[in-house]
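**Student:** Got a structure for you, questions after.
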Amino acid sequence: MRHRHHGKSGSDRYRRFCRTGCFLGVVSAVLFSIRNLSQKYHFRTVPSDRLMFHQVLTIALMLIPFVAVRDAAALSFPHWGSLLALGLLSTATAHTLYSYSLKLLAAKSVALIGCLQPLVAAVLAWLVLQEIPSLCCCGRGDHPACCHV
């Protein structure tokens, strides 16, 4: 007689995480679409940099409860500078330009151009950082064998 294992197997846990990830991805996409459409049609006269300032401020306030205070306090000045540069140059600038493009182009065009972002990021990583994506990453990056720790 075989004994059954009553705990969750690794593959069950993986499927649950995949379903949760897919659900959160869809929620994120819906919220991103609502943000883009409201910027396009309801906040047409508000400057893009002001819109992004308010969005970043709101998100920062919402994320305060999740900050690891001890870890943040242990960061050195160069690390804070790197985080600030990363936040300002890549994230804030990109989203401000995205917001600005919604004022000039159709939302559908901006969304289609935005779909090219992963491809452009992979090409830039290849050119600048000499990172070569694996075939597994290009095909199905969510598979556990593709995760590099």
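**Student:** For the stretch 89-131, what are the residues that are out of contact with any helix residue (DSSP H, G or I) (no Cβ under 6 Å at 6 or more places or on another chain) and assigned to a loop (DSSP other than H, G, I, E, B)?
**Tutor:** 105, 106, 115, 116, 130
**Student:** Here are the criteria: (1) surrounded by 12 or more Cβ atoms within 10 Å (Cβ to Cβ); (2) under 12 Å from residue 39 (Cα atoms). Tell me which single one residue 104 does not satisfy.
**Tutor:** Of (1) surrounded by 12 or more Cβ atoms within 10 Å (Cβ to Cβ); (2) under 12 Å from residue 39 (Cα atoms), only one is false for residue 104: (1).
**Student:** Only residues that are without any contact (Cβ under 8 Å) to a residue 40 or more places away in the chain and among the polar types (S, T, N, Q): list them for the stretch 41-61, please. If you could, list the steps in order and put the result at the bottom.
**Tutor:** Quick first cut of the stretch 41-61, residues without any contact (Cβ under 8 Å) to a residue 40 or more places away in the chain only: 41-43, 45-47, 50, 53-54, 56-61.
Across the stretch 41-61, the qualifying residues are 45, 58.
**Student:** Might you check whether a residue that is outside any helix (DSSP H, G or I), touching a residue at least 40 places away in the same chain (Cβ under 8 Å) and among the charged types (D, E, K, R) occurs anywhere in the stretch 7-15? Steps first, answer last, please.
**Tutor:** Our first condition is that a residue be outside any helix (DSSP H, G or I); within the stretch 7-15, this holds for 7-9.
Of the ones still in play, those that are also touching a residue at least 40 places away in the same chain (Cβ under 8 Å) are none.
Within the stretch 7-15, not a single residue is outside any helix (DSSP H, G or I), touching a residue at least 40 places away in the same chain (Cβ under 8 Å) and among the charged types (D, E, K, R).
**Student:** If the Cβ limit is 8 Å and pairs must be 6+ apart or interchain, which residue in the stretch 112-130 that is at positive phi and in the same structural domain as residue 29 (by TED's automatic domain parsing) pairs with which residue that is at pLDDT below 85 and assigned to a loop (DSSP other than H, G, I, E, B)?
**Tutor:** Nothing qualifies.
**Student:** For the stretch 67-80, does any single residue satisfy the condition of being surrounded by fewer than 12 Cβ atoms within 10 Å (Cβ to Cβ) and under 29 Å from residue 37 (Cα atoms)? Full working, then the answer.
**Tutor:** So the first thing to find is which residues in the stretch 67-80 are surrounded by fewer than 12 Cβ atoms within 10 Å (Cβ to Cβ), and the list is 67-74, 76-80.
The next check asks that each one be under 29 Å from residue 37 (Cα atoms); those that pass are none.
No.
The values are calculated or read from the model by the stated rules, or taken from the named source; none is laboratory data. Not measured: the values here are computed from a predicted model. Neighbour counts are summed over all protein chains in view; Cβ atoms, including those assigned to glycine, are modelled from backbone coordinates with ideal geometry.
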